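The values are calculated or read from the model by the stated rules, or taken from the named source; none is laboratory data. Keep in mind that what you see is a predicted model, and the values were worked out from it rather than measured. Because the Cβ atoms are built from the backbone with ideal geometry, glycine has one as well, and the counts that use them run over all protein chains shown. Heavy atoms of the whole protein, side chains included, go into the accessibility calculation; ligands, DNA and RNA do not. Shrake-Rupley method; radii C 1.70, N 1.55, O 1.52, S 1.80 Å.
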Amino acid sequence: MDNLLFFAQLLEEMLFDYTIDSYKAPVFNTHALCAELLDVLSEIETGFLQPKAANPILEELTWDLKNDFVAKEILGLRYPKVIERLNSYKVVKGASPQTSSKSISSKDEDSEVNIPIKKVLSEIETLNQIFNVYYLDEVKKNLLTHTAEGNGKKEIEFLARVFISELQSLGYTQQYLFHETRRFFFSNEPIESVSQLNGFLSLFSGKRKEWEVLFRVDEQFKNLDQTKLGTECEILDEVPISPQMTQYESKFIRTRRKNQIFIKFKNIKALDPFQARLIAERFFFLISNLVTYKTHKEQLLWESRGLAYSEGGRAIPVAPPTVSPMMKIRDTGLKELQNTMDEMASLFINTDGTSSYLIYNSLNLHACSVQSKTAENQLMNIWTAMETLLPPPTDQRQRILQFADAFEPLLGRKYIQKLVNDLLRSLYLNVSENDLNEIFSKMPSNYSKFEKCALLVALKEKNEPLRDELYAKIGRNPLLINRIYSLMEKMSSASKIHETIVLHNQRVRWQLQRIYRARNLITHKGEQISYVSPLLENAHSYYHSVIDLVKEIRENYGYTFHSLESVFNLVKIEHEAHLAMLKENKGTACSEDKFKKFLFGV
């Protein structure tokens, strides 16, 4: 049963709004990357993107395939040939997904090799169709097998991650997945057998249902001719209350305001009730945007929460997510207003005019992003806020390459500290302070609690008795126990730490290029990106990491660094020196006199 609880805890953590990005499900798994690559290849074929735009996705897809045992099982004997072909299609490594007005030809000056676009499209389409048929079912089958066995935590963690990624790629909302996870695993009804997992997995067939969604809206909507709306909806002055209604449903209908009526949307095909609400609400945004061109002083109003009905079922209350993507970051309360002002004002202490201007404009764009209503506008603003911090290019590199090169060290320099801080926080949430202090008291007294937490996982053999003692105090929490073990595996030697940071750096580069590509599609083509919310979460987290690091560096050096460029240069030098030192000490285990040097590069 421990494996089943481990799986349930993983899902809850991945779907929780405030989980750090390192422990959330990836935006794309192997299957979803095939679909993303198909979209990019289509844009290359039309001339909107350069051939190099496929590079980061090809690299990520190749890496995923090499580490995805589900995909390997599905492909079988075809697997080596698929990897060989993917490797052969790459062009200039690290190339940019810049937009282009050029059509693709075999003499494209930006390519080092010819790219057979139609052939690649055909082959990736075949791969995608195979995964369309088998991927979700094979993930479910493997989950049933591995949770029934007594070990295999690493495999279960991988399967949980790709399972959530697959469901979200299909269109299931995070709200619904979190709600169903909590209801199934953590409600009052006990889970007594691993065989019950099948009941949970069967909730997610990937098949869309037909929904009706009822909203309360401003009475001005009565001025619309519903026969001309181009969508199946009904404008209602009243909704009859029947004895069969739930208490919430009847209250929703009875408590409308005097100036409100109802609109019911019909035949909405969606995977879950929250997705149905999102689809229906797009109508309101469309009407509002059209009307605002002619009517500036008045606004059409509606309530975003409503009721969803599926195939004669009872009403399900649906509302927007309680936390929007931009808000999935831990806030400081306004009670700390003066401390916040002092902290942010430190960004301008002894800062030169150009950098002060860039920082202020960047913070202004961040504020605009927070205040924007749509995720697309928020993403464009937060990206521009990040880009504003960069100095002008000093060479002929494309902007995204300069951007990735500048931000990779900024986002990698404190990655290990981020993981240790998260572990320390988890320990205090799940272990009593007295029990944790008892463990820490057996470690050198001159270290901080943060350093003791790092030392606990970094010394593989010496601190094994302390970890065993901690496991006993943690009790039945397989997720936390496995987290400690997996961090020990990642941080116990110079080579492991180097591998952890390099992989993080690569993932950051892939994600930065993906965000940039999404930003261009929104800006230049007005496209609606289905996965914009997780990209926005990542971009916002990256922005805070950069600003926080700039504050920390300047404070540590007594505000002697006057420009952003000098701070960025210092971080790059330190980050590269840290990685070089780890590489030189390949195979050397962490020890008490070396763990801070290996983990933090200090």
Evaluate the charge dipole of the stretch 321-376 about its Cα centre and quote only its size in Debye, nearest 20, assuming +1 on the Cβ of each Lys and Arg and -1 on the Cβ of each Asp and Glu. 240
The stretch 209-318, Cα convex hull volume normalised per residue, Å³: 100
Kirkwood-Stokes translational diffusion coefficient of the stretch 187-266, alpha-carbon pairs, 25 °C, 0.890 mPa s, µm²/s: 152
Given charges at beta-carbon only (K, R positive; D, E negative), |dipole| of the stretch 254-326 in Debye: 320
The alpha-carbon center of the stretch 130-188 and that of the stretch 1-28 are separated, in whole Å, by 10
So if R0 is 30 Å, what FRET efficiency would Arg282 and Tyr357 give, r being the distance between their Cβ atoms, rounded to the nearest 0.05? 0.20
Among Val571, Phe403, Ser445, the residue whose Cα sits farthest towards the positive end of the charge dipole of the stretch 397-600, when +1 is placed on the Cβ of each Lys and Arg and -1 on the Cβ of each Asp and Glu, is Phe403
Please sort 304-311, 52-59, 73-80 by packing, taking for each peptide the average over its residues of neighbouring beta carbons within 10 angstrom, highest first. 52-59, 304-311, 73-80
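In this model, which of Lys52/Lys551; Lys335/Lys449; Lys72/Lys596; Lys66/Lys141; Lys72/Lys473; Lys328/Lys442 are farther than 29 Å apart at the alpha-carbon?
Violating the 29 Å Cα-Cα cut-off are Lys52/Lys551; Lys72/Lys596; Lys72/Lys473; Lys328/Lys442.
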If all Cα-Cα distances of the stretch 334-479 are sorted into 10 Å bins from 0 onward, what percent lands in each bin, rounded to whole numbers? 9, 24, 25, 20, 20, 3
HN-Hα couplings for the stretch 27-34 via Karplus (6.51, -1.76, 1.60; θ = phi - 60°), in whole Hz with x for Gly/Pro, come out as 4, 10, 9, 4, 4, 5, 5, 4
For Rg and Dmax of the Cα atoms in Å, several values are listed as [x] 26.2, 76; [y] 35.6, 138; [z] 39.2, 126; flag the one computed from this structure. [x]
Reciprocal of mean inverse Cα separation for the stretch 490-582 (Kirkwood radius, Å): 15.7
Hull shadow area, averaged, the stretch 428-470 [alpha-carbon convex hull, nm²]: 2.9
Considering the dipole of the stretch 471-602 built from charges on the beta carbon (Lys and Arg +1, Asp and Glu -1) around the Cα centre, which of Leu479, Thr523, Leu582 is farthest to its positive end? Leu479
According to a simple spin-label model (label point 7 Å from Cα along Cα-to-Cβ), what is the distance in nm between Leu429 and Arg85? 4.4
List the relative contact order of the chain as a percent without decimals, with contacts defined as Cα pairs under 8 Å and 6+ residues apart. 15
Using the heavy atoms of the protein chains and a 1.4 angstrom probe, tell me the accessible area per residue for the chain in square angstrom. 49
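Based on the Cβ-Cβ distance from Lys596 to Ser304, what FRET efficiency comes out when R0 is 60 Å, to the nearest 0.05?
Between Lys596 and Ser304 the formula returns 0.75.
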Restricting to Cα atoms and excluding each atom paired with itself, what does the Kirkwood estimate give for the stretch 397-600 in Å? 18.9
At a Förster radius of 25 Å, what calculated FRET efficiency corresponds to the Cβ-Cβ distance of Val370 and Lys449, to the nearest 0.05? 0.20
Over the stretch 397-600, what percent of the accessible surface lies on carbon and sulfur atoms, probe 1.4 Å? 48
Which whole-angstrom value gives the distance between the alpha carbon centres of the stretch 336-351 and the stretch 477-492? 37
With θ taken as phi - 60° and the coefficients 6.51, -1.76 and 1.60, list the Karplus ³J(HN,Hα) couplings across the stretch 480-485 in order, rounded to whole Hz; mark glycine and proline as x. 5, 4, 5, 4, 4, 5
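With +1 on each Lys and Arg Cβ and -1 on each Asp and Glu Cβ, how big is the dipole of the chain about its Cα centre, in debye rounded to the nearest 20?
400
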